[in-house]
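This report concerns only the one structure given below.
The values are calculated or read from the model by the stated rules, or taken from the named source; none is laboratory data. Quick caveat: nothing in here was measured; it's all calculated off a predicted structure. Please note: Cβ atoms are built from the backbone with ideal geometry, for glycine as well, and neighbour counts cover all protein chains shown.
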């Protein structure tokens, strides 16, 4: 009898939490209405070349993070989009989660609720744990890595490990109100046309199979935070029938809609308008590429007026070298820097690249929702 009771208790603790459904539009909009206007950056410390160097025990730097998030607080930023990696969990799950908790404590002290990214299809598909290589001179994001990476993506035998990663990370923080939400996969169908090109049908098929699974795994641990994955290419996002299977999953399985846009204000506004047909809150999780026509001066006021959450690429210029444009992969800027910084707000010493931009961000973040104050 005692053994039976112990078995029942063990099974009860082993049983997964009851999976929740996709939020209704009403639930999503209620959640969004309770948030401050979401304004922030895609964040990695200046001393890290990629998400592995940011989080591994030997290079995790709480002091650097605290200093830089203090600069974010000074601008009035309310969120940061922060990339995780399944290899970090595989390497040291307890330590990784402890470092996440440390990061969350620092962010909370500065009034910032991060949006965590679980997987990423951009840049180097063949990551290596341990010390990371130094930046390639003059090249944009020369050390950023994909997760789960090409090897795991093509190996179905590794999918149970990916499932365990998602369930453990999301489940461990499922009720943590210091977290804004979970971006389950960054640009899942990106073929990296300018760097590590892979346009194979097999790669697309693997991603198309896994993406709905990742949403399912994350929901199975009943997170109180929303799930999303940002649509990023093509147009006519209002026409679901005309999109590929990955994009359809992104738009139909996201509790809140997210998107990326690095183009001119007219295109940004058209894409934002297209997404209103889904009746859910909208967050732009990547924008701001000065050389491509996407700037704080022109894009951020549109987001504020439309109550779109706005998260630009790049915060502090550092090892990622995202002040360099995308075309630096074809012609590295080794002889002289680009005429204009492509991304990033701050120099490594904490001074803004453009004081005018910092003033715009600060003024817009301080104003009530949807209110765009006059800019002097």
Test for residue 249: is it over 30 Å from residue 355 (Cβ atoms) and part of a helix (DSSP H, G or I): yes
Counted residues, region 98-114 - those being surrounded by 16 or more Cβ atoms within 10 Å (Cβ to Cβ), in contact with a helix residue (DSSP H, G or I) (Cβ under 9 Å, 6 or more places away or on another chain) and not in a loop (DSSP other than H, G, I, E, B): 5
Selection within region 46-58 - in contact with a strand residue (DSSP E or B) (Cβ under 8 Å, 6 or more places away or on another chain), farther than 14 Å from residue 345 by Cβ and part of a loop (DSSP other than H, G, I, E, B): 50
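Residues checked against (1) modelled with pLDDT of 95 or more; (2) assigned to a helix (DSSP H, G or I); (3) at positive phi; (4) in contact with a helix residue (DSSP H, G or I) (Cβ under 9 Å, 6 or more places away or on another chain):
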| site | (1), (2), (3), (4) |
| --- | --- |
| 17 | no, no, no, yes |
| 23 | yes, no, no, yes |
| 30 | yes, yes, no, no |
| 60 | yes, no, no, yes |
Residues satisfying the stated conditions in region 190-223, i.e. assigned to a loop (DSSP other than H, G, I, E, B) and modelled with pLDDT of 95 or more: 221, 222, 223
Hits in region 205-223 (condition: under 21 Å from residue 154 (Cβ atoms) and over 20 Å from the mean Cα position of the chain (by Cα)): 205, 206, 209
Members of region 140-167 found to be under 19 Å from residue 54 (Cβ atoms) and modelled with pLDDT of 95 or more, listed by number: 140, 141, 142, 143, 144, 145, 146, 147, 148, 165
Some residue of region 73-85 being surrounded by 18 or more Cβ atoms within 10 Å (Cβ to Cβ), at positive phi and part of a loop (DSSP other than H, G, I, E, B): yes
Filtered residues of region 133-169 (kept if more than 16 Å from residue 329 (Cβ to Cβ) and buried (at least 20 other Cβ atoms within 10 Å of the Cβ)): 147, 148, 149, 152, 153, 162, 165, 166, 169
